[in-house]
Amino acid sequence: MDKITNEELLQNLNAKFEGVLTVVGEPFGLLTLETTREHIISVLSYLKHDATLQFIYLTDITAVHYPEQEKQIGVIYHLHSLVNNVRVRIKVFLTIDDIHIPTATTVWEGANWMERETYDYFGVLFDGHPDLRRILNVDDMTAFPMRKEFPLEDPNRVDKKDYFFGR
């Protein structure tokens with residue numbers, strides 16, 4: 001079968017979800033879309049179960065933190081259609097005060113550990129997840145290490161002062 005184009009994929013999705021998806025871009029040919037937490041599971045389920053699209057492979061679920069934006073936390077889903085040899089990225093942005101999103105384990109059981117890792121590092125709460133707890137960090141850790149909430153370096157360090165380097 002020939003590879004489905006991003007334009008064909010977008011037409012298919014817009015016919016099904018009119019006004020629900022926003023095109024973010026196509027970096028390196030990867031169609032990137034944005035939707036809301038209310039629609040993410042129906043979009044993911046359609047992408048997986050549609051007979052034409054067949055995005056049966058959930059490559060990754062991760063997050064990103066943009067502290068300067070109003071909706072600071074972005075949850076990112078990477079999907080691959082092995083039959084059509086095409087990939088798509090779906091993003092959902094959430095405010096830091098309300099980082100709840102429905103679990104994708106209802107669509108892919110393999111989302112379980114990916115969501116646990118995303119929770120562990122970014123604090124995203126996947127509602128309905130069967131076992132949402134830390135996976136790599138210690139259980140009693142209170143921070144989420146991939147959030148940009150702390151300075152990268154201690155401003156009081158003296159070993160990085162310019163006078164040590166002749167500046």
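Only one of (1) crowded, with 18+ Cβ neighbours inside 10 Å; (2) farther than 22 Å from ILE99 by Cα; (3) at pLDDT 95 or above fails for GLY74. Which number is that? Unmet condition: (2).
Selection over the range 126-137 of residues that are within 13 Å of ALA104 (Cα to Cα) and either surrounded by 15 or more Cβ atoms within 10 Å (Cβ to Cβ) or in contact (Cβ under 8 Å) with a residue 60 or more places away in the chain (or both) gives a count of 3.
Taking the range 19-48 as the range and being assigned to a loop (DSSP other than H, G, I, E, B), touching a residue at least 40 places away in the same chain (Cβ under 8 Å) and farther than 18 Å from LEU94 by Cα as the test, only LEU30 passes.
When ASN156 is tested against the conditions (1) touching a residue at least 12 places away in the same chain (Cβ under 8 Å); (2) open to solvent by 60 Å² or more (accessible area, probe 1.4 Å); (3) not β-branched (Val, Ile, Thr), the lone failure is (1). Scanning the range 77-122 for residues that are among the small types (Gly, Ala, Ser) and surrounded by fewer than 19 Cβ atoms within 10 Å (Cβ to Cβ) returns a single hit, GLY110. Picking from residues in the range 16-50 that are small (Gly, Ala, Ser) and at pLDDT 95 or above, the one that is most open to solvent (accessible area, probe 1.4 Å) is SER42. Does LEU58 satisfy the criteria of being open to solvent by less than 20 Å² (accessible area, probe 1.4 Å), assigned to a helix (DSSP H, G or I), under 22 Å from GLY128 (Cβ atoms) and touching a strand residue (DSSP E or B) at 6+ places or on another chain (Cβ under 7 Å)? Considered against the rule, which asks whether it is open to solvent by less than 20 Å² (accessible area, probe 1.4 Å), assigned to a helix (DSSP H, G or I), under 22 Å from GLY128 (Cβ atoms) and touching a strand residue (DSSP E or B) at 6+ places or on another chain (Cβ under 7 Å), LEU58 comes out as no. State whether the residues of the range 80-101 include one that is in a loop (DSSP other than H, G, I, E, B) and in contact with a His (Cβ under 8 Å, 6 or more places away or on another chain). There is no residue in the range 80-101 that is in a loop (DSSP other than H, G, I, E, B) and in contact with a His (Cβ under 8 Å, 6 or more places away or on another chain). Within the range 77-102, residues that are of a type in the set (Gly, Ala, Ser) sit with their Cβ atoms under 8 Å from residues that are open to solvent by 20 Å² or more (accessible area, probe 1.4 Å), at 6+ positions apart or across chains, in these pairs: SER81/GLN54; SER81/ILE56; SER81/TYR57; SER81/ARG87.
The values are calculated or read from the model by the stated rules, or taken from the named source; none is laboratory data. Quantities reported herein were computed from a predicted structural model and do not represent experimental measurements. Cβ coordinates were reconstructed from backbone atoms using ideal geometry, including for glycine residues, and neighbour counts include every protein chain displayed. Surface accessibility is based on the protein's heavy atoms, side chains included, excluding ligands, DNA and RNA. Shrake-Rupley method; radii C 1.70, N 1.55, O 1.52, S 1.80 Å.
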